[in-house]
Amino acid sequence: QVQLVESGGGLVQAGGSLRLSCAASGRTFTNYAMAWFRQAPGKEREFVAGISWRSGNTYYADSVKGRFTISGDNAKNTVYLQMSSLKFEDTAVYYCAARTYYYPQSSREYDNWGQGTQVTVSS
């Protein structure tokens, strides 16, 4: 049973930074990929960034490319999302997700989800 626990959300002014963490447990994650999604009120859950545990390859949505960085600490089974130059439109609940091998951009492809952490950017 995979468990994902996010932390690090909060209130920040536009232009500021936050780092989200996702601690994973319940199995060996060598062949897993992790992703961050976000969901704003009244909108669908959207892909933000993904990382492969095995290869370290990463991928970003165009809306966050150059501002957000996803990284992983294998020893801690923890994935991070460093968010910089935050904008009002980044306001959302951010979710960590996991699945085997690769990180598709559709939320329907993931079976394992964290509870979410709120990020609010004030303009």
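The values are calculated or read from the model by the stated rules, or taken from the named source; none is laboratory data. A quick note: this is a predicted structure, and the numbers were derived from the prediction, not measured. For neighbour counting, all protein chains shown are included, and Cβ atoms are generated from backbone atoms with ideal geometry for every residue, glycine included. To get the accessible areas, we keep the full protein, side chains included, count just its heavy atoms, and leave off ligands, DNA and RNA. Shrake-Rupley method; radii C 1.70, N 1.55, O 1.52, S 1.80 Å.
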*Sequence-separation-based contact order of the stretch 1-103, relative, with Cα cut under 8 Å and 6+ spacing, percent*: 36 percent
*For the stretch 1-62, restrict the atom set to alpha-carbon positions and state the Rg and Dmax in Å.*
13.6, 38
*asked:* Need the full-extension length gain, Arg19 to Trp113, defined as separation in residues times 0.36 nm minus the C-alpha distance. One decimal, nm.
replied: 32.0 nm
_In the stretch 30-123, the chymotrypsin sites (Phe, Trp or Tyr not before Pro) that fall in loop regions by DSSP, at most 13 other Cβ within 10 Å_ = Tyr101
*For the chain, with all protein chains present and a 1.4 Å probe, just round the carbon and sulfur fraction of the accessible area to a whole percent.*
44 percent
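Per residue, how much accessible surface does the chain expose to a 1.4 Å probe? Answer in Å², no decimals. List each step's numbers first, then the result.
Details: 6470 Å² over 123 residues.
The answer is 53 Å² per residue.
How long are the semi-axes of the equivalent ellipsoid of the chain, taking √(5λ) for every eigenvalue λ of the Cα gyration tensor, in whole Å from largest down?
Values: eigenvalues 103, 39, 36 Å².
Taking √(5λ) for each eigenvalue gives 23, 14, 13 Å, largest first.
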